[in-house]
Amino acid sequence: MSVNEAAGTRPRNEAVPGAEPIIVVDNVSKNFGPLQVLHGVSLEIQRGTMVAIVGRSGSGKSTLLRCINALEEINGGSIKVCGHPVSMSDRASVKRLRSEVGMVFQSYNLFPHLTVLRNITLALTAVQKKSRADADAIAHKVLGLVGLGDKAEAFPEQLSGGQAQRVAIARSLALSPKVLLFDEVTSALDPELTGEVLKVMEDLARDGMTMVLVTHEMAFARRVADIVVFMHQGKVWEAGPPAEIFADPKTPELRQFLSSGL
Amino acid sequence: MLSYSFDFSFLMTTWPAFMRGAWQTILLAGSSIAIGFIVALVCAIIRSGKNKFASGLVGAYVEVIRNTPLLVQIFIVYFGLPSLGLKLSAETAAVIALVINTGAYGSEIIRAGIESIAKGQLEAAECLGLNKFQVYWHIILIPAVERVYPALSSQFVLLMLSSSITSQISAQELTAEANLIQSETFRSFEVYLIVAAIYLALSVLFRVVLWAIGEVAFVRRRKLRT
């Protein structure tokens with residue numbers, strides 16, 4: 001299913017016509033033992049767009065995201081990111097993928113023994129081999145972007161959930177990824193903290209970052225996403241610009257999903 | 001019956017021997033702790049690793065050591081190994097036995113720390129591009145040791161106190177010195193009261209030093225007082 005036509009009434013990041021999609025998921029299947037989670041999922045994601053994947057729990061949306069980032073081995077089909085095939089068994093390909101894709105998790109996964117600053121600079125110095133001074137400068141810059149310039153010396157346990165998640169976003173951002181994946185990043189947050197995280201994500205989208213998010217924030221997906229993908233029973237059930245998806249669901253499953261949770 | 005009169009006058013001539021004994025205990029326990037920590041660390045890594053055979057081997061070692069008396073372990077090293085042609089000085093035998101002993105106990109403590117690291121931490125580190133070694137070092141080992149450091153410190157202080165048992169093979173240390181002084185002065189009560197006081201002081205010293213090492217090694221402990 002092609003989901004690459006960005007549309008809508010609000011200004012959106014238009015996909016460049018004819019350009020190679022940055023992520024190509026082709027007929028991917030995945031099972032955990034006897035349980036088949038993905039049934040031939042195909043999806044193309046254009047550079048500079050925000051794609052929101054929605055659906056019920058167990059519909060396979062998080063698994064799809066994890067497959068894209070080589071955290072799960074796929075059992076069939078293929079995934080390409082930035083033109084390169086993703087394969088967990090090929091260490092060089094995983095290494096390249098890590099340099100191109102950043103990921104933010106529901107549970108933040110900040111390193112508790114490191115300050116906010118060191119959380120961000122660890123990969124800059126250890127992976128990108130930058131000097132301490134360069135790494136610190138980048139860290140302070142990205143912390144500024146997420147509005148936490150004053151928290152550099154704090155430890156994760158001293159942050160609120162919303163602040164922790166913004167640090168996690170900054171940590172990914174510091175590595176200048178081409179794509180950012182967000183796996184239910186606001187699901188663990190109180191409603192009042194959700195807003196500050198979504199605000200950061202909206203800023204990133206406006207700056208042209210390619211983002212794929214698994215989310216339950218329907219209002220946010222509707223307002224900010226370029227493409228909304230509805231997953232159901234391990235398949236891409238429906239996909240398209242939010243205006244179409246929300247206003248004119250084609251399938252009874254999507255209609256039911258939209259009416260149940262909102 | 002309660003007519004015992006304390007007489008500490010022998011201290012005038014014997015205090016250098018007590019001090020020598022205390023210093024020898026510091027050396028004996030200090031080196032056993034340093035080497036024992038490395039043994040414990042390596043064993044914990046192997047024990048929690050993927051290699052079933054190596055893990056089982058370390059598991060067997062840990063169980064054997066934890067379920068036999070330290071004194072017997074010391075005797076095996078000191079009196080047993082010479083039968084195999086390995087003649088050791090009492091001090092070397094003492095260090096070896098103490099290292100083997102604390103390696104086993106320490107490895108279980110560190111293993112608990114390693115296993116307490118959440119899987120999400122590893123995934124986050126992988127996603128940042130850290131390689132396997134970097135993930136293990138930065139995300140597993142350092143936080144694991146930081147987490148169990150208080151328990152590890154207690155184990156090490158216990159090792160220092162246990163080192164008195166090596167007096168049984170006449171290793172040069174505080175209790176052995178005390179035995180010697182006691183056999184010359186016949187003031188057992190006073191001698192061992194003094195020895196107890198010195199061990200108490202050594203415990204405090206070891207705790208302070210271990211605490212200071214923790215302060216230097218673990219930033220979070222220093223900053224957050226946790």
Report summary line: If you go through A:207, A:150, A:183, A:134, the only one that is out of contact with any Pro (no Cβ under 6 Å at 6 or more places or on another chain), within 12 Å of chain B (Cβ to nearest Cβ) and among the charged types (D, E, K, R) is A:183
Query - Residues (open to solvent by 40 Å² or more (accessible area, probe 1.4 Å) and of a type in the set (Val, Ile, Thr)) located in the stretch A:133-149 - result: A:138
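Based on what the data block shows, is residue A:226 within 14 Å of the chain's Cα centre (by Cα) and charged (D, E, K, R)?
yes
Of all residues being in contact with a strand residue (DSSP E or B) (Cβ under 8 Å, 6 or more places away or on another chain) and farther than 12 Å from residue A:181 by Cβ in the stretch A:93-105, which is farthest from the other protein chains (Cβ to nearest Cβ)? Just the residue, please.
A:93
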Report task. With the condition kept exactly as written, say whether any residue in the stretch A:190-198 is open to solvent by 40 Å² or more (accessible area, probe 1.4 Å), farther than 20 Å from residue A:222 by Cβ, at pLDDT 90 or above and not aromatic (Phe, Trp, Tyr). Result -> no
Report task. Could you tell me whether residue B:112 is small (Gly, Ala, Ser), more than 8 Å from chain A (Cβ to nearest Cβ), over 16 Å from residue A:171 (Cβ atoms) and touching a residue at least 40 places away in the same chain (Cβ under 8 Å)? Result -> no
Query - Matching option when the condition is aliphatic (A, V, I, L, M), out of contact with any His (no Cβ under 6 Å at 6 or more places or on another chain) and within 14 Å of chain B (Cβ to nearest Cβ), among A:173, A:193, A:213 - result: A:173
Report summary line: Across the stretch A:153-170, the tally of residues that are open to solvent by 10 Å² or more (accessible area, probe 1.4 Å) and either within 12 Å of chain B (Cβ to nearest Cβ) or in contact with a Ser or Thr (Cβ under 6 Å, 6 or more places away or on another chain) (or both) stands at 5
**Report entry** So residue A:220, is it within 25 Å of residue A:67 (Cβ to Cβ) and in a strand (DSSP E or B)
**Finding:** no
Query raised in the report: Which of (1) within 13 Å of another protein chain (Cβ to nearest Cβ); (2) aliphatic (A, V, I, L, M); (3) closer than 10 Å to residue A:174 by Cβ is the odd one out, the single condition residue A:110 does not satisfy?
Result: (3)
Query raised in the report: Within the stretch B:150-158, is there a residue that is closer than 30 Å to residue A:120 by Cβ, more than 14 Å from chain A (Cβ to nearest Cβ) and open to solvent by less than 60 Å² (accessible area, probe 1.4 Å)?
Result: yes
Report task. Mind counting the residues in the stretch B:115-142 that are acidic (Asp, Glu) and more than 8 Å from every other protein chain (Cβ to nearest Cβ)? Result -> 1
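Would the stretch B:74-83 turn up any residue that is among the polar types (S, T, N, Q), free of Cβ contacts under 8 Å to residues at least 40 places away in the same chain, open to solvent by 80 Å² or more (accessible area, probe 1.4 Å) and more than 30 Å from residue B:189 (Cα to Cα)?
Scanning the stretch B:74-83 turns up at least one residue that is among the polar types (S, T, N, Q), free of Cβ contacts under 8 Å to residues at least 40 places away in the same chain, open to solvent by 80 Å² or more (accessible area, probe 1.4 Å) and more than 30 Å from residue B:189 (Cα to Cα).
Name the residues in the stretch A:62-92 that are open to solvent by less than 10 Å² (accessible area, probe 1.4 Å) and within 14 Å of chain B (Cβ to nearest Cβ), would you?
Of everything in the stretch A:62-92, those that are open to solvent by less than 10 Å² (accessible area, probe 1.4 Å) and within 14 Å of chain B (Cβ to nearest Cβ) turn out to be A:65, A:67, A:68, A:69, A:70, A:81.
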Query - Sole residue being hydrophobic (A, V, I, L, M, F, W, C), modelled with pLDDT under 95 and in a helix (DSSP H, G or I), chosen from B:41, B:81, B:98 - result: B:81
Query - Test: residue B:68 is outside any helix (DSSP H, G or I) and open to solvent by 40 Å² or more (accessible area, probe 1.4 Å) - result: yes
Query raised in the report: Is it the case that the stretch B:128-145 has a residue that's among the small types (Gly, Ala, Ser) and open to solvent by 50 Å² or more (accessible area, probe 1.4 Å)?
Result: no
Requested in this report: Please state which one of A:41, A:37 is outside any helix (DSSP H, G or I), open to solvent by less than 10 Å² (accessible area, probe 1.4 Å), in contact (Cβ under 8 Å) with a residue 40 or more places away in the chain and more than 9 Å from chain B (Cβ to nearest Cβ).
Outcome: A:41
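The values are calculated or read from the model by the stated rules, or taken from the named source; none is laboratory data. Values in this document were obtained by computation on a predicted structure and should not be read as measured data. Ideal geometry is used to build each Cβ from the backbone, glycine not excepted, and the neighbour counts take in all protein chains shown. In case anyone asks, the SASA skips ligands and DNA or RNA and just uses the protein heavy atoms, side chains included. Shrake-Rupley method; radii C 1.70, N 1.55, O 1.52, S 1.80 Å.
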